[in-house]
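The values are calculated or read from the model by the stated rules, or taken from the named source; none is laboratory data. These numbers come from a predicted model, not from an experiment. Ideal geometry is used to build each Cβ from the backbone, glycine not excepted, and the neighbour counts take in all protein chains shown.
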Amino acid sequence: MSKDYIYQREGLPYTPTPAGKVGIVYCTSTTSASGREDEKRADCEVIEVAQAVKTALEEKGYRAELVDLDPTRIADLRRFDWVFNLAESIYGFPLADYEIAEEMEKYNIQFTGSGSDSLKSCLDKAVTKCELVSIGIRTPAYEVFQPGSTILNVLEYPLIIKPIREDGSIGITLDSIVRSAAELEQKVEKVHRMYSQAALVEEYIEGRDITASVIGNGEEAVVLPLSEITYPEQSGPKLLTFDAKWSPETLEFQGAKARCPSILAYKVEAMIKDIALRAYRVMGCRDYARVDFRLQGKVPFVLEVNANPCINPNDSGFVRSSKAAGYSYAAMVTKIIERAVRDRLQVPQPALEAVLV
């Protein structure tokens, strides 16, 4: 039975589905900034993820092709029935992730994950925090210092300093936590110098690192089992630094351990999941995302919302939660693209299942 017939039988206009051909899009760059060479570890892992997604889709019967994106030829992606979008904002690549999404939207290319507006908002941590505060979600008190601005602190120490438009813990070290005006000025100026962008200064929340992974759209969006990063019971800040994520040779990496599902009181778990869904929706996320929390006692603070989060099969947070929910990697990848099809093409569930079997 052809897919055309299935759509006609359901009374729906026929539109090509990702069961046709999927382009798995990612972007690479060999360029690195002085003093930031180690950060290419975070940028380059997308190649590994892209191959894993291709294998997963092919396991489920999809025809898939890897595409190392040429920023001047985004229109060529129209040859695919669907795009699995793994493009990120990385140093040396001329387009940010939201600009790539904008181009695909301009050419009416269907792709997985969040749209350009959501990606743009989530990329800017201050914009995210403003949106969260607007609907009553707690987030650490903060200030934003642009390059060249006067650094006058009105927050309570200790503080943590981050680049405002980086992800993957880029720019975060144990030294990012400061306890004096002199340290604050030094670290803010370092962010300005190394990253050529504003510095986000937050009140540091001592507590547990909890992540909530969300999959789906609209009322069907659900939160997967919560994940937690635990740290050794030694003195010093408990913080998921860049090294803790990306540098296996460091004590920070070796000390940070993942636990999923996290062990939480029922009411606290339910509250975190509810907040995660609210954050997901206010930021306009689609298909899948990850919301990062600090839990202080029984009080959760949202740190950031990650649209199109990392789905590295080697124990990334979203994948960890998916496994705890009972999904294989291939099943998780398939669910992401299925949710995208249902949302964009507005295909009812029975028809979608008929098409994708």
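Residues in the range 210-226 that are at negative phi and either in contact with a strand residue (DSSP E or B) (Cβ under 7 Å, 6 or more places away or on another chain) or not assigned by TED's automatic domain parsing to the domain that holds residue 306 (or both): 11 in all. Among the residues making up the range 153-176, those that are touching a strand residue (DSSP E or B) at 6+ places or on another chain (Cβ under 8 Å), under 19 Å from residue 236 (Cα atoms) and not in a loop (DSSP other than H, G, I, E, B) are 159, 160, 161, 162, 176. Checking each residue in the range 109-143 for being under 30 Å from residue 54 (Cβ atoms) and polar (S, T, N, Q) picks out 110, 112, 114, 116, 118, 121.
With the condition kept exactly as written, say whether any residue in the range 211-228 is at pLDDT below 95 and in contact with a Leu (Cβ under 8 Å, 6 or more places away or on another chain).
no
Residue by residue through the range 316-344, note down the ones that are surrounded by fewer than 20 Cβ atoms within 10 Å (Cβ to Cβ) and touching a helix residue (DSSP H, G or I) at 6+ places or on another chain (Cβ under 9 Å). Within the range 316-344, 323, 325, 327, 328, 329, 330, 331, 335, 343 meet the criteria.
Within the range 117-152, restricting attention to residues that are in a strand (DSSP E or B) and free of Cβ contacts under 8 Å to residues at least 60 places away in the same chain, the residue that is surrounded by the fewest Cβ atoms within 10 Å (Cβ to Cβ) is 144. Residue count for the range 165-186 satisfying the condition of being aliphatic (A, V, I, L, M) and under 23 Å from residue 123 (Cβ atoms): 2. Are any of the residues in the range 90-105 closer than 11 Å to residue 23 by Cβ and either touching a helix residue (DSSP H, G or I) at 6+ places or on another chain (Cβ under 6 Å) or among the hydrophobic types (A, V, I, L, M, F, W, C) (or both)? Within the range 90-105, one or more residues are closer than 11 Å to residue 23 by Cβ and either touching a helix residue (DSSP H, G or I) at 6+ places or on another chain (Cβ under 6 Å) or among the hydrophobic types (A, V, I, L, M, F, W, C) (or both).
Yes/no per residue for (1) of a type in the set (Val, Ile, Thr); (2) closer than 23 Å to residue 190 by Cα; (3) outside the structural domain of residue 50 (by TED's automatic domain parsing):
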position: 94; (1), (2), (3): no, no, no
position: 97; (1), (2), (3): no, no, no
position: 127; (1), (2), (3): yes, yes, yes
position: 131; (1), (2), (3): no, no, yes
position: 157; (1), (2), (3): no, yes, yes
position: 163; (1), (2), (3): no, yes, yes
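Please indicate, with yes or no, whether at least one residue in the range 91-98 is over 16 Å from the mean Cα position of the chain (by Cα) and either buried (at least 19 other Cβ atoms within 10 Å of the Cβ) or within 15 Å of residue 167 (Cβ to Cβ) (or both).
Checking the range 91-98: at least one residue is over 16 Å from the mean Cα position of the chain (by Cα) and either buried (at least 19 other Cβ atoms within 10 Å of the Cβ) or within 15 Å of residue 167 (Cβ to Cβ) (or both).
If you filter the range 177-216 down to residues that are of a type in the set (A, V, I, L, M) and part of a loop (DSSP other than H, G, I, E, B), you find that the one that is farthest from residue 272 (Cα to Cα) is 198.
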